[in-house]
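Written below as structure tokens is the structure these notes are about.
The values are calculated or read from the model by the stated rules, or taken from the named source; none is laboratory data. Quick caveat, the model's predicted, so the values are computed rather than measured. Quick reminder, even Gly has a Cβ in these numbers, built from the backbone with ideal geometry, and neighbours come from all protein chains shown.
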Protein chains: 2
Amino acid sequence: MINKETALLRLANMSTNQAVITPETAQTPLFAGVDVGGTNIKIGLVDDKGRTLAFQSIETMEELGPADAVRRIKATLHEMLFHVSLTMDDVKAIGLGTPGTMDIPRGMILAPPNLPHWRDFPVRDQLSEVTSRPVAFVNDANAAAFGEFWVGSGRDFRTMIMLTLGTGVGGGIILDGRSIEGEHSFGSECGHIIIDHNEDARCCVWGGGRGQLEAYCSASAVVRRTEEALEAGRKSALTKRINAGEELTSLMIAEKAASGDQLSLDIVLETAMYLGVGIVTLVHTVDPGAVILGGAMDFGGQNSELGQKFLARVREEFQRRAFDVVADHTVIDFAQLGSDAGYIGAAGVARESA
Amino acid sequence: MINKETALLRLANMSTNQAVITPETAQTPLFAGVDVGGTNIKIGLVDDKGRTLAFQSIETMEELGPADAVRRIKATLHEMLFHVSLTMDDVKAIGLGTPGTMDIPRGMILAPPNLPHWRDFPVRDQLSEVTSRPVAFVNDANAAAFGEFWVGSGRDFRTMIMLTLGTGVGGGIILDGRSIEGEHSFGSECGHIIIDHNEDARCCVWGGGRGQLEAYCSASAVVRRTEEALEAGRKSALTKRINAGEELTSLMIAEKAASGDQLSLDIVLETAMYLGVGIVTLVHTVDPGAVILGGAMDFGGQNSELGQKFLARVREEFQRRAFDVVADHTVIDFAQLGSDAGYIGAAGVARESA
């Protein structure tokens, strides 16, 4: 038999940011959370308090289709459970978060842009069938929001909004403990609110969505705005690296902003300004206790000087434009769970549904 | 004893748009709804199916303060009940809708702009004390939305948004049968979403709120945009009436638009365009089944040709900009209850809480 602690450490080292607990200290019942992304599928075993017992990330291999992925999710879950001397019977329910368009009541994934081979597939019921466990189905951004709501930055609030800054801008809204899924499984799409009605407003990189928040604040929007500034003749340390053949990325812009490049810093703070505008709209609509910022494009987050400058500028723009009663009382902060938010939140949604 | 039918007719004639039913055909329990406005307070007796049994509108006389108004609300309720041979014991609960800033959990009206003498007053508990009835407290725009949700245009939907077009732009969001009140009693303030982040965007007439929907779609915004077009040299039949000393109003603009004045029609359709933009933002956030347009500035509503042109333009702009899945399936329509929505909805909220 495998030594439990070694197994746990091995699993823990595979990438979760969360402290991993043992089956002995776990609070039952246990839940599994599955977070499907375009590149990886993150699978976690989570206890009743939202703590991670075991974690595993597998490749999505999306071209093999969803049925194959469902089989590999099941196999990985069994392997993880075996490592901690548990079985599927110890898992009360599974939460499954997927990206893109979906039909939540029917448990269908429809046409996710980053999973072209996963079309019109009954992923919820298939996973339930192979695992013999009830499966709760949730949008991936809503799952991440629920994770932060349950055990992350949002845990002190009844109502919160999470914005996930990355290739796109995702959103999740938790209202009195339930995520806004919408009548057409299209709720909480906070990246697609319009912050500029004008016909010359920016477009999302995928071509649609003129004036939408994502066209200003996504990683690709940040790159495009920087390219435009360079083309307009702004001086920047970025030019040297681009001339050396490097591709301009939002990470590179963040690095240069952190090391004092003025154009890069201007772009970061302008991104914060746009985000502040969008947050005013969301807060005036939902009036949450907190707005949580997560995702890879957080400019270093709470532990970096640049992240703190970014956050300060978001708050400043929000407070300048929002009504006093919300401007003074709505918390705006970074997320805490990093890339674990999705599977933890999916497990949390399963727990709510079980 | 007063003849019941005569009394009912008399009350009915006082202005409700709803069919008035008799105590014999009413479905018990009964509820009272109170809709406090800057000019009038509307009070209705409503049955368990949302039908009006009796209705009365009294002057707010806001300068006499809220305590006086509470006494007059009670007296009016007693009078109405007497006319239909009922007593306060027949009323299970009262719903109270008020405008402006409020603290819903504490039942406090805080600082409503149109009720300057009603500051920091525990209006919910005071009304409950004088009537010996439980009182549910709700924002007036949310109350109107709930009325439409319960028995009006929204009755076939679980989730809906109502926009009230008038001096300002009010909003109410009903999600799975409950209105979004927010953590600071500031939820559903749909008039204050930002549709233009630019520093040269329009301001609300009260001076703040740059770029907010209300700065484009309220009655005063419509008047201001028309004035600007006239100053810029646009020809219009409005000029004659203004030169004759009439004050330009949104009603006058609607009249002229209906009778073929091109500038007036352009202004109406431009208002619809801005509204369509705002609706995209709200629908991408909440994903409701329907968006309902109400309020005095509905350009004639569903029974007028101008109202239909206005609605068609709202839908066109929404469908042009929204994601397919919601563009094709979200209903956008006029409200049905007119100025009765507020007291009926307040009664409905009382019914939900009772």
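Here are a few things to note about the model shown:
- The one condition in (1) at pLDDT below 95; (2) under 13 Å from A:Gly97 (Cβ atoms) that A:Thr39 fails to fulfil: (2)
- If you check A:Thr164, A:Thr131 for being more than 16 Å from the chain's Cα centre (by Cα) and away from every other protein chain (no Cβ under 11 Å), only one passes: A:Thr131.
- Taken together, the criteria exclude A:Ser185 from residues that are assigned to a helix (DSSP H, G or I), assigned by TED's automatic domain parsing to the domain that holds A:Thr167 and of a type outside the set (Asp, Glu).
- Selection status of A:Ile104, in contact (Cβ under 8 Å) with a residue 24 or more places away in the chain, within 18 Å of A:Glu129 (Cα to Cα) and in contact with a Phe, Trp or Tyr (Cβ under 8 Å, 6 or more places away or on another chain): yes
Here's the yes/no breakdown for (1) at pLDDT 95 or above; (2) among the polar types (S, T, N, Q); (3) under 27 Å from B:Thr330 (Cα atoms):
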residue	(1), (2), (3)
B:Asp156	yes, no, yes
B:Met160	yes, no, yes
B:Leu163	yes, no, yes
B:Gly166	no, no, yes
B:Asp176	no, no, yes
B:Glu181	no, no, yes
B:Val205	no, no, no
B:Ala229	yes, no, no
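- Region B:204-226, subset more than 9 Å from chain A (Cβ to nearest Cβ), hydroxyl-bearing (Ser, Thr, Tyr) and outside any loop (DSSP other than H, G, I, E, B), residue surrounded by the fewest Cβ atoms within 10 Å (Cβ to Cβ): B:Ser220
- Failed item in (1) touching a Leu at 6+ places or on another chain (Cβ under 7 Å); (2) away from chain B (no Cβ under 14 Å), with A:Gly260 passing the rest: (1)
- Candidates A:Ala201, A:Ala136 - the one that is more than 8 Å from chain B (Cβ to nearest Cβ), over 12 Å from the mean Cα position of the chain (by Cα), surrounded by fewer than 24 Cβ atoms within 10 Å (Cβ to Cβ) and aliphatic (A, V, I, L, M): A:Ala201
- Counted residues, region B:265-312 - those being over 18 Å from the mean Cα position of the chain (by Cα) and either more than 14 Å from chain A (Cβ to nearest Cβ) or part of a loop (DSSP other than H, G, I, E, B) (or both): 16
- Exactly one residue out of B:Ile174, B:Ile193 is within 11 Å of chain A (Cβ to nearest Cβ) and crowded, with 24+ Cβ neighbours inside 10 Å: that is B:Ile193.
- Selected residue (only one of B:Ser179, B:Ser128, B:Ser153 is surrounded by fewer than 23 Cβ atoms within 10 Å (Cβ to Cβ) and not aliphatic (A, V, I, L, M)): B:Ser128
- Checking A:Phe186 against (1) within 14 Å of chain B (Cβ to nearest Cβ); (2) over 25 Å from A:Asp125 (Cβ atoms), the condition it does not meet: (2)
- Looking only at region B:284-327, residues that are of a type in the set (S, T, N, Q) and crowded, with 24+ Cβ neighbours inside 10 Å come to 1 in all.
- From the options B:Gly342, B:Gly245, B:Gly348, residue that is part of a loop (DSSP other than H, G, I, E, B) and either of a type outside the set (Val, Ile, Thr) or within 29 Å of B:Leu96 (Cβ to Cβ) (or both): B:Gly245
- Selection from region B:170-193 of residues that are closer than 30 Å to A:Asp200 by Cα and touching a His at 6+ places or on another chain (Cβ under 8 Å): B:Glu189, B:Cys190, B:His192, B:Ile193
- Any hit, region B:195-206, residues being free of Cβ contacts under 8 Å to residues at least 24 places away in the same chain and not assigned by TED's automatic domain parsing to the domain that holds B:Glu227: no
- Among the residues of region A:140-167, those identified as touching a Phe, Trp or Tyr at 6+ places or on another chain (Cβ under 9 Å) and in a strand (DSSP E or B) are A:Met160, A:Met162, A:Leu165.
- Subset of region B:315-339 that is more than 13 Å from every other protein chain (Cβ to nearest Cβ) and either free of Cβ contacts under 8 Å to residues at least 40 places away in the same chain or among the hydrophobic types (A, V, I, L, M, F, W, C) (or both) - its residue that is farthest from A:Met102 (Cα to Cα): B:Leu337
- Selection count, region A:76-101, where residues are within 25 Å of the chain's Cα centre (by Cα) and part of a helix (DSSP H, G or I): 3
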